[in-house]
Amino acid sequence: MTAEPTTAHSSRWPVPPQDGYTVDDLFTLPDLPPHTELIDGSLVFVSPQRDFHSTMIDLLMTGLRSTAPPEVRVRREMIVVLDRRNAPEPDVSVVRTEAITGLDVTRYQAADVLLAVEVVSPDSEARDREAKPHKYATAGIPHFWLVEMTGTDQHPVVRVYELDPVTKAYALTGIHHDRLKTGVPFPVDVDISAEALAAL
């Protein structure tokens with residue numbers, strides 16, 4: 001009698017259903033890695049993040065919360081349900097206060113989100129620049145920001161988009177390098193200079 005061969009990793013990847021996963025699957029499948037997203041019925045796993053990603057989120061969270069009116073709340077890395085087969089996790093979201101019904105909330109509906117922010121990572125460039133903005137716009141989220149690190153000086157840049165109700169697509173309304181100043185979805189004035197990022 002011989003022993004069964006063993007491997008270092010005995011875990012099995014979930015086999016996707018024929019028509020892909022749904023939002024219900026995302027919240028019921030056991031042992032999914034943290035920050036797993038659902039894009040077009042496929043599970044998307046997130047790679048370890050760089051320091052730029054984490055500190056940029058912190059910088060935006062602090063800036064947005066400092067001027068957010070009472071009718072909205074600022075949240076980081078929470079699932080937003082766009083439809084049955086799409087539930088991405090924006091890095092930062094501004095949501096309507098009434099959507100927060102308790103500390104056990106695990107997701108928000110697209111109709112409750114006023115702003116979705118994506119901080120681009122090397123493993124998610126195409127999703128952050130193309131797939132997600134298109135899906136956020138189709139779902140009717142009125143504002144979208146795309147944050148990237150540019151140049152050798154690792155300087156942040158924030159591109160601000162607003163939903164065009166006629167085309168149902170985002171239109172670029174500003175590119176911000178040192179200071180993010182805009183009036184929508186509420187008055188925002190955030191120092192996004194390399195110095196501000198380095199100070200965190």
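The values are calculated or read from the model by the stated rules, or taken from the named source; none is laboratory data. Quick caveat: nothing in here was measured; it's all calculated off a predicted structure. A quick note on method: Cβ atoms are made from the backbone with ideal geometry, for glycine too, and the neighbour counts reach across all protein chains shown. Heavy atoms of the whole protein, side chains included, go into the accessibility calculation; ligands, DNA and RNA do not. Shrake-Rupley method; radii C 1.70, N 1.55, O 1.52, S 1.80 Å.
General observations
- Per this entry, ASP104 is not counted among residues that are outside any strand (DSSP E or B) and either open to solvent by less than 20 Å² (accessible area, probe 1.4 Å) or within 22 Å of SER193 (Cα to Cα) (or both).
- Of all the residues in segment 136-158, those that are closer than 27 Å to ALA87 by Cβ, touching a His at 6+ places or on another chain (Cβ under 8 Å) and at pLDDT 95 or above number 1.
- Pairs meeting the criteria (first residue in segment 170-181 and outside any strand (DSSP E or B), second residue at pLDDT 95 or above, beta carbons under 7 Å, at least 6 apart or on different chains) are HIS177/VAL157; ASP178/ILE192.
- Yes/no for VAL147 being touching a residue at least 60 places away in the same chain (Cβ under 8 Å) and among the β-branched types (Val, Ile, Thr): yes
- Residue ranges of strands (runs of 3 or more DSSP E) in segment 20-89 with at least 2 members of a type in the set (A, V, I, L, M), closer than 21 Å to LEU146 by Cβ and in contact (Cβ under 8 Å) with a residue 12 or more places away in the chain: 37-39, 72-76, 79-81
- Single residue of segment 73-89 satisfying the filter (in contact with a Lys or Arg (Cβ under 6 Å, 6 or more places away or on another chain) and over 15 Å from HIS35 (Cα atoms)) that is least open to solvent (accessible area, probe 1.4 Å): VAL74
- Qualifying residue in segment 142-157 (condition: more than 19 Å from the chain's Cα centre (by Cα), assigned to a strand (DSSP E or B) and surrounded by 14 or more Cβ atoms within 10 Å (Cβ to Cβ)): yes
- Any hit, segment 107-121, residues being open to solvent by 40 Å² or more (accessible area, probe 1.4 Å), within 25 Å of LEU43 (Cα to Cα) and outside any helix (DSSP H, G or I): yes
- If the condition is being open to solvent by 60 Å² or more (accessible area, probe 1.4 Å) and either farther than 30 Å from ALA194 by Cα or of a type in the set (Ser, Thr, Tyr) (or both), then segment 18-41 contributes GLN18, ASP19, ASP24, PHE27, THR28, PRO30, ASP31, ASP40.
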